Amino acid sequence: CQECPADTYADVHNTSTCVPCPEHASHAQTKRTNVSACLCDPGYSGPDGGPCVACAAGTFKAEPGAAACEECGVNEYAYTAATVCVACHANSSSFSASPSVEYCLCDPGFYPSDGLCTMCHAGRFKNTTANEPCRSCTGNTFASELGATACSSCLVFSPFSTANPSEGGVRCQCIAGYTQTELNLTTPAC
(Lines give C-alpha, C1' and ligand atoms only; values in the text may rest on other atoms or scores of the structure.)
Protein backbone atom coordinates (compact mmCIF):
# COMPACT_ATOMS: atom_id res chain seq x y z
CA CYS A 1 0.00 0.00 0.00
CA GLN A 2 1.13 3.52 -0.73
CA GLU A 3 0.33 6.60 1.31
CA CYS A 4 -2.15 9.07 -0.12
CA PRO A 5 -0.27 12.36 -0.66
CA ALA A 6 -1.26 15.85 0.51
CA ASP A 7 -4.55 17.19 -0.85
CA THR A 8 -5.98 13.66 -1.25
CA TYR A 9 -7.66 11.00 0.91
CA ALA A 10 -8.90 7.41 0.65
CA ASP A 11 -11.94 6.38 2.68
CA VAL A 12 -12.08 2.81 1.30
CA HIS A 13 -9.60 0.06 2.28
CA ASN A 14 -7.58 -1.79 -0.36
CA THR A 15 -8.03 0.83 -3.07
CA SER A 16 -5.32 1.90 -5.48
CA THR A 17 -6.74 5.39 -5.97
CA CYS A 18 -6.58 8.42 -3.70
CA VAL A 19 -9.43 10.92 -4.08
CA PRO A 20 -8.49 14.58 -4.52
CA CYS A 21 -9.90 17.14 -2.10
CA PRO A 22 -12.98 19.04 -3.28
CA GLU A 23 -12.43 22.26 -5.21
CA HIS A 24 -10.93 25.09 -3.09
CA ALA A 25 -10.06 22.69 -0.25
CA SER A 26 -6.70 21.22 0.67
CA HIS A 27 -4.47 19.79 3.41
CA ALA A 28 -0.74 19.21 3.82
CA GLN A 29 -0.84 15.78 5.49
CA THR A 30 -0.42 12.25 4.14
CA LYS A 31 -2.46 9.08 4.84
CA ARG A 32 -5.78 10.90 5.30
CA THR A 33 -8.78 8.56 5.41
CA ASN A 34 -11.68 11.02 5.32
CA VAL A 35 -12.78 13.96 3.19
CA SER A 36 -13.07 16.04 6.39
CA ALA A 37 -9.25 16.33 6.34
CA CYS A 38 -9.73 18.69 3.39
CA LEU A 39 -10.09 22.21 4.79
CA CYS A 40 -11.52 25.14 2.85
CA ASP A 41 -8.69 27.30 1.52
CA PRO A 42 -8.17 30.92 2.63
CA GLY A 43 -10.71 33.08 0.80
CA TYR A 44 -13.28 30.25 0.91
CA SER A 45 -15.60 29.05 3.64
CA GLY A 46 -17.62 25.93 4.32
CA PRO A 47 -17.59 22.76 6.41
CA ASP A 48 -14.48 20.59 6.60
CA GLY A 49 -14.66 18.37 3.54
CA GLY A 50 -16.54 20.99 1.49
CA PRO A 51 -18.30 22.29 -0.38
CA CYS A 52 -16.25 25.49 -0.11
CA VAL A 53 -17.78 28.76 -1.24
CA ALA A 54 -15.84 31.92 -2.10
CA CYS A 55 -16.00 34.75 0.41
CA ALA A 56 -18.34 37.42 -0.92
CA ALA A 57 -16.90 40.75 -2.02
CA GLY A 58 -16.38 42.94 1.04
CA THR A 59 -15.39 39.94 3.19
CA PHE A 60 -12.22 37.88 3.66
CA LYS A 61 -10.83 34.74 5.33
CA ALA A 62 -7.10 34.48 6.02
CA GLU A 63 -6.77 30.93 7.40
CA PRO A 64 -7.82 27.51 6.07
CA GLY A 65 -10.76 25.78 7.77
CA ALA A 66 -14.47 26.07 8.39
CA ALA A 67 -14.47 29.58 9.89
CA ALA A 68 -16.88 32.10 8.39
CA CYS A 69 -15.66 34.94 6.20
CA GLU A 70 -15.27 38.25 8.08
CA GLU A 71 -16.32 41.72 6.94
CA CYS A 72 -13.66 44.23 5.96
CA GLY A 73 -13.39 47.23 8.24
CA VAL A 74 -14.03 50.89 7.54
CA ASN A 75 -11.70 52.30 4.84
CA GLU A 76 -10.98 48.81 3.46
CA TYR A 77 -12.35 46.73 0.59
CA ALA A 78 -12.06 43.19 -0.79
CA TYR A 79 -13.03 41.46 -4.01
CA THR A 80 -14.54 37.94 -4.11
CA ALA A 81 -12.44 35.12 -2.54
CA ALA A 82 -10.17 37.57 -0.69
CA THR A 83 -7.64 36.40 1.88
CA VAL A 84 -7.05 39.95 3.18
CA CYS A 85 -8.74 43.32 2.94
CA VAL A 86 -7.01 46.12 1.08
CA ALA A 87 -6.74 49.63 2.54
CA CYS A 88 -8.33 52.43 0.55
CA HIS A 89 -5.84 54.78 -1.09
CA ALA A 90 -4.69 57.87 0.79
CA ASN A 91 -7.23 60.64 1.39
CA SER A 92 -10.26 58.41 0.75
CA SER A 93 -12.83 56.64 2.92
CA SER A 94 -15.23 53.71 2.62
CA PHE A 95 -17.85 52.00 4.77
CA SER A 96 -17.24 48.54 6.24
CA ALA A 97 -17.68 45.52 3.93
CA SER A 98 -16.92 47.57 0.80
CA PRO A 99 -16.84 45.22 -2.22
CA SER A 100 -14.36 47.10 -4.45
CA VAL A 101 -11.97 50.04 -4.70
CA GLU A 102 -14.76 52.07 -6.35
CA TYR A 103 -16.32 52.38 -2.88
CA CYS A 104 -13.25 54.30 -1.62
CA LEU A 105 -14.52 57.87 -1.96
CA CYS A 106 -12.29 60.93 -1.91
CA ASP A 107 -12.39 62.86 1.37
CA PRO A 108 -13.50 66.52 1.55
CA GLY A 109 -10.85 68.75 -0.04
CA PHE A 110 -9.77 65.98 -2.46
CA TYR A 111 -10.97 64.90 -5.91
CA PRO A 112 -10.37 61.70 -7.96
CA SER A 113 -7.48 61.84 -10.42
CA ASP A 114 -5.84 58.80 -12.07
CA GLY A 115 -7.12 56.40 -9.39
CA LEU A 116 -5.91 58.58 -6.50
CA CYS A 117 -7.38 61.40 -4.47
CA THR A 118 -5.66 64.74 -5.16
CA MET A 119 -6.01 68.01 -3.24
CA CYS A 120 -8.35 70.61 -4.70
CA HIS A 121 -6.43 73.44 -6.39
CA ALA A 122 -6.43 76.94 -4.93
CA GLY A 123 -9.66 78.73 -5.81
CA ARG A 124 -11.64 75.47 -5.65
CA PHE A 125 -13.23 73.42 -2.84
CA LYS A 126 -15.06 70.17 -2.06
CA ASN A 127 -17.04 69.62 1.15
CA THR A 128 -18.32 66.06 0.59
CA THR A 129 -16.91 62.53 0.76
CA ALA A 130 -17.50 61.57 -2.86
CA ASN A 131 -15.73 60.92 -6.13
CA GLU A 132 -16.69 64.20 -7.70
CA PRO A 133 -14.68 67.22 -8.91
CA CYS A 134 -13.86 70.27 -6.81
CA ARG A 135 -16.04 73.33 -7.40
CA SER A 136 -14.91 76.89 -8.04
CA CYS A 137 -15.30 79.57 -5.41
CA THR A 138 -17.81 82.18 -6.63
CA GLY A 139 -19.78 85.19 -5.40
CA ASN A 140 -17.16 87.17 -3.46
CA THR A 141 -15.50 84.10 -1.96
CA PHE A 142 -12.01 82.63 -2.21
CA ALA A 143 -9.86 79.63 -1.24
CA SER A 144 -6.20 80.56 -1.17
CA GLU A 145 -4.85 77.16 -0.06
CA LEU A 146 -4.84 73.67 -1.57
CA GLY A 147 -7.40 71.14 -0.29
CA ALA A 148 -10.08 73.63 0.74
CA THR A 149 -13.33 72.22 2.08
CA ALA A 150 -15.09 75.61 1.89
CA CYS A 151 -14.57 79.05 0.44
CA SER A 152 -14.00 82.07 2.69
CA SER A 153 -15.93 85.28 2.19
CA CYS A 154 -14.23 88.40 0.97
CA LEU A 155 -14.41 91.19 3.56
CA VAL A 156 -16.44 94.37 3.19
CA PHE A 157 -14.54 97.38 4.50
CA SER A 158 -16.91 100.27 3.80
CA PRO A 159 -20.53 100.62 2.76
CA PHE A 160 -19.39 101.66 -0.71
CA SER A 161 -16.70 99.05 -1.27
CA THR A 162 -16.97 95.34 -1.75
CA ALA A 163 -14.23 92.90 -2.63
CA ASN A 164 -14.51 90.95 -5.85
CA PRO A 165 -13.01 87.52 -6.46
CA SER A 166 -10.01 87.46 -8.74
CA GLU A 167 -7.49 84.95 -9.97
CA GLY A 168 -10.14 82.21 -10.07
CA GLY A 169 -11.28 82.66 -6.47
CA VAL A 170 -7.75 82.48 -5.01
CA ARG A 171 -7.89 85.90 -3.35
CA CYS A 172 -10.04 89.00 -3.05
CA GLN A 173 -9.34 92.22 -4.92
CA CYS A 174 -10.53 95.75 -4.39
CA ILE A 175 -13.08 97.05 -6.88
CA ALA A 176 -12.24 99.91 -9.25
CA GLY A 177 -11.72 103.17 -7.42
CA TYR A 178 -10.27 101.52 -4.29
CA THR A 179 -6.72 100.46 -3.47
CA GLN A 180 -5.10 98.05 -1.10
CA THR A 181 -2.00 98.74 0.94
CA GLU A 182 -0.45 95.27 0.63
CA LEU A 183 -0.88 93.50 -2.71
CA ASN A 184 -0.13 90.00 -1.34
CA LEU A 185 -3.07 89.87 1.07
CA THR A 186 -5.86 87.42 0.25
CA THR A 187 -8.43 89.68 1.95
CA PRO A 188 -7.16 93.25 1.49
CA ALA A 189 -8.42 96.29 3.36
CA CYS A 190 -9.77 98.49 0.57
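Miscellaneous remarks
- Residue that is surrounded by the most Cβ atoms within 10 Å (Cβ to Cβ) [pool: residues in the stretch 120-137 that are in contact (Cβ under 8 Å) with a residue 40 or more places away in the chain and part of a loop (DSSP other than H, G, I, E, B)]: GLY123
- For the stretch 86-119, the tally of residues that are on the phi < 0 side of the Ramachandran plot and open to solvent by less than 30 Å² (accessible area, probe 1.4 Å) stands at 8.
- Some residue of the stretch 14-21 being open to solvent by less than 50 Å² (accessible area, probe 1.4 Å), over 30 Å from LEU146 (Cα atoms) and part of a loop (DSSP other than H, G, I, E, B): yes
- Filtered residues of the stretch 153-169 (kept if open to solvent by less than 60 Å² (accessible area, probe 1.4 Å) and either at pLDDT 75 or above or touching a helix residue (DSSP H, G or I) at 6+ places or on another chain (Cβ under 7 Å) (or both)): CYS154
- Failed item in (1) touching a strand residue (DSSP E or B) at 6+ places or on another chain (Cβ under 7 Å); (2) closer than 30 Å to ILE175 by Cβ; (3) open to solvent by 70 Å² or more (accessible area, probe 1.4 Å), with THR33 passing the rest: (2)
- Of all residues making up the stretch 41-64, the number that are small (Gly, Ala, Ser), more than 17 Å from ALA28 (Cβ to Cβ) and open to solvent by 20 Å² or more (accessible area, probe 1.4 Å): 4
- Residue among ALA62, ALA56, ALA28 that is outside any helix (DSSP H, G or I), within 26 Å of ASP11 (Cα to Cα) and of a type in the set (Gly, Ala, Ser): ALA28
- Exactly one residue out of ALA150, ALA122 is touching a strand residue (DSSP E or B) at 6+ places or on another chain (Cβ under 7 Å) and among the small types (Gly, Ala, Ser), and it is ALA150.
- Test for HIS24: is it touching a Cys at 6+ places or on another chain (Cβ under 7 Å) and of a type outside the set (A, V, I, L, M, F, W, C): yes
The values are calculated or read from the model by the stated rules, or taken from the named source; none is laboratory data. Model, not experiment: these values are computed from the prediction. All Cβ positions, glycine included, derive from the backbone under ideal geometry; neighbour counts span all protein chains shown. To get the accessible areas, we keep the full protein, side chains included, count just its heavy atoms, and leave off ligands, DNA and RNA. Shrake-Rupley method; radii C 1.70, N 1.55, O 1.52, S 1.80 Å.
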